[in-house]
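Visitor: Sending over a structure as structure tokens; questions will come in a sec.
The values are calculated or read from the model by the stated rules, or taken from the named source; none is laboratory data. All values reported here derive from a predicted model rather than from experimental measurement. Every residue, glycine as well, gets a Cβ built from its backbone with ideal geometry; the counts of neighbours run over all protein chains shown. For the accessible areas, the whole protein counts, side chains as well, though only heavy atoms, and no ligand, DNA or RNA atoms are used. Shrake-Rupley method; radii C 1.70, N 1.55, O 1.52, S 1.80 Å.
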Amino acid sequence: MRTVKLQLQISVDGYMAGPNGELDWVTGPWTDDINAYVEKIWDPVDCIVLGRRLAEGFIPAWESGPEGETQEGIDKMNNTPKVVISNSLTESPWNNAVVAGGDVAATINKLNAESGGDIMVCGGGTLTRALIAQGLIDELHLFVNPVALGSGMPVFPDGDGYHRLRLAGSRTFDCGIAVLHLETARA
């Protein structure tokens, strides 16, 4: 069985975006130590899962070869197959991406049952909360930025009960971000 990972930038008070989807609070530029950590968690990944709204920015941004990224990193992002979770799209407008609609759990379970490396969920908010609520994430890599937003888009679903997690590791980076590596505590 493959490992389903989630990588997110979050605020110290648990938001992945501001009240209007703002991301202007995210710490940058990243330093070599955090880049090395990210490279390590991405190395075994051979499938990226995205929500439609995130995919609309994420995929074209990587296809354009963003400044400050290595060619190896750009190639990894562009060459790794992507699954875009959407009930509004019927086919993918992007290279190396397919659209999956309907039951999110069925899609993730199908991907998880296939042979291959790790699956990285990059977000969006709706998808992230749905996967957490249904217990479909094995590892969370939460990049905690030194900022409190006060309100916004929460990482964890509201009123959904406890989400037991086990701290597998933590680390601070020179740019001021701390990562919490959490694993889902399954009964």
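Visitor: When the range 47-65 is examined, which residues are found to be open to solvent by 60 Å² or more (accessible area, probe 1.4 Å) and either more than 24 Å from Ala133 (Cβ to Cβ) or in contact with a His (Cβ under 6 Å, 6 or more places away or on another chain) (or both)?
Guide: Once the filter is applied, which keeps residues that are open to solvent by 60 Å² or more (accessible area, probe 1.4 Å) and either more than 24 Å from Ala133 (Cβ to Cβ) or in contact with a His (Cβ under 6 Å, 6 or more places away or on another chain) (or both), the range 47-65 yields Glu63, Ser64.
Visitor: Answer with yes or no whether Gly135 is on the phi > 0 side of the Ramachandran plot, over 13 Å from the mean Cα position of the chain (by Cα) and either surrounded by 14 or more Cβ atoms within 10 Å (Cβ to Cβ) or outside any strand (DSSP E or B) (or both).
Guide: Against the criterion (on the phi > 0 side of the Ramachandran plot, over 13 Å from the mean Cα position of the chain (by Cα) and either surrounded by 14 or more Cβ atoms within 10 Å (Cβ to Cβ) or outside any strand (DSSP E or B) (or both)), Gly135 qualifies.
Visitor: Six or more apart or on different chains, Cβ atoms under 7 Å: show the pairs whose first residue is in the range 59-74 and in contact (Cβ under 8 Å) with a residue 24 or more places away in the chain and whose second is hydrophobic (A, V, I, L, M, F, W, C).
Guide: Ile59/Trp94; Ile59/Ala97
Visitor: Do we have Thr107 as more than 23 Å from Pro29 (Cα to Cα), open to solvent by less than 30 Å² (accessible area, probe 1.4 Å) and out of contact with any helix residue (DSSP H, G or I) (no Cβ under 6 Å at 6 or more places or on another chain) here? So that I can check it myself, show each step before the final result.
Guide: Values: more than 23 Å from Pro29 (Cα to Cα): yes; open to solvent by less than 30 Å² (accessible area, probe 1.4 Å): yes; out of contact with any helix residue (DSSP H, G or I) (no Cβ under 6 Å at 6 or more places or on another chain): yes.
In short, yes.
Visitor: Just give me the residues in the range 147-173 being over 18 Å from the mean Cα position of the chain (by Cα) and not in a strand (DSSP E or B), in sequence order.
Guide: Val147, Ala148, Leu149, Gly150, Ser151, Asp158, Gly159, Asp160, Gly161, Tyr162, Arg164, Phe173, listed by residue number.
Visitor: Please go through (1) farther than 20 Å from Pro60 by Cβ; (2) touching a residue at least 40 places away in the same chain (Cβ under 8 Å) for Gly102 and return the number of the only condition it doesn't satisfy.
Guide: So Gly102 meets the others, but not (2).
Visitor: Continuing with this model, one more query. Of a type in the set (A, V, I, L, M, F, W, C), open to solvent by 60 Å² or more (accessible area, probe 1.4 Å), closer than 19 Å to Leu180 by Cα and modelled with pLDDT of 90 or more: is that true of Trp25 in this structure?
Guide: no
Visitor: Another question, then. Using the structure shown, decide if Ala113 is over 12 Å from Ala55 (Cα atoms), open to solvent by 30 Å² or more (accessible area, probe 1.4 Å) and in contact with a Pro (Cβ under 7 Å, 6 or more places away or on another chain).
Guide: no
Visitor: Could I ask something else about it? Filter the range 94-132 down to residues that are over 21 Å from Lys76 (Cβ atoms) and part of a loop (DSSP other than H, G, I, E, B) and give me whichever is modelled with the lowest pLDDT.
Guide: Checked the range 94-132; the qualifying residue modelled with the lowest pLDDT is Gly102.
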